[in-house]
């Protein structure tokens, strides 16, 4: 039988810890430039209407029709509940760029809000951002 040295085991343990730390850090910190990401779609009545259609199709099950986090799936959700996106407290970032990134990439660390990347076009995600903004108090930072 081959013997594995304590040094090799320690090296593997340290490498695993570094990998886990980097991975969790990337998930929790999100993208560094999301706050600075500007919405290229003007918040017009047409954009808000387009976002409302997408919201009804993709978001109401969890966030509810008014965005209060009280959709039909929310009652049966164990653990993390959907955010109230109609109030003045934005749990996962308040800028348009942060909202866009949350919708596109999902919200970690468990990713109970799944990513829409590849399912919804970026242009349509921006319409969703404009609609979500219309649900509650206007954020001070867009």
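Just so you know, all these numbers are worked out from the coordinates, no wet-lab data involved. Everything numeric here is computed off the predicted structure, so don't read it as measured data. We place every Cβ from the backbone using ideal geometry, glycine too, and count neighbours over all the protein chains shown.
A few points about this structure:
- The largest-to-smallest principal axis extents of the Cα set in the stretch 90-136 are 27, 24, 15 Å.
- Just so you know, the Cα atoms of the stretch 34-87 work out to an Rg and Dmax of 13.3, 37 Å.
- Peptides 122-129, 34-41 ranked from most to least packed give 122-129, 34-41, packing being the mean of other C-beta atoms within 10 angstrom over each peptide's residues.
- Of the residues 95, 66, the one with the fewest other Cβ atoms within 10 Å heads the list, and the complete ranking is 66, 95.
- Global form of the stretch 27-142, assessed from the alpha-carbon gyration tensor, a/c cut-off 1.5: rounded
- Residue order for 91, 33, fewest other beta carbons within 10 angstrom first, comes to 33, 91.
- Among 96, 87, 70, the order by Cβ neighbours within 10 angstrom, fewest to most, reads 87, 70, 96.
- Normalised contact order of the stretch 32-135, rounded percent, pairs of Cα under 8 Å and 6 or more residues apart: 36 percent
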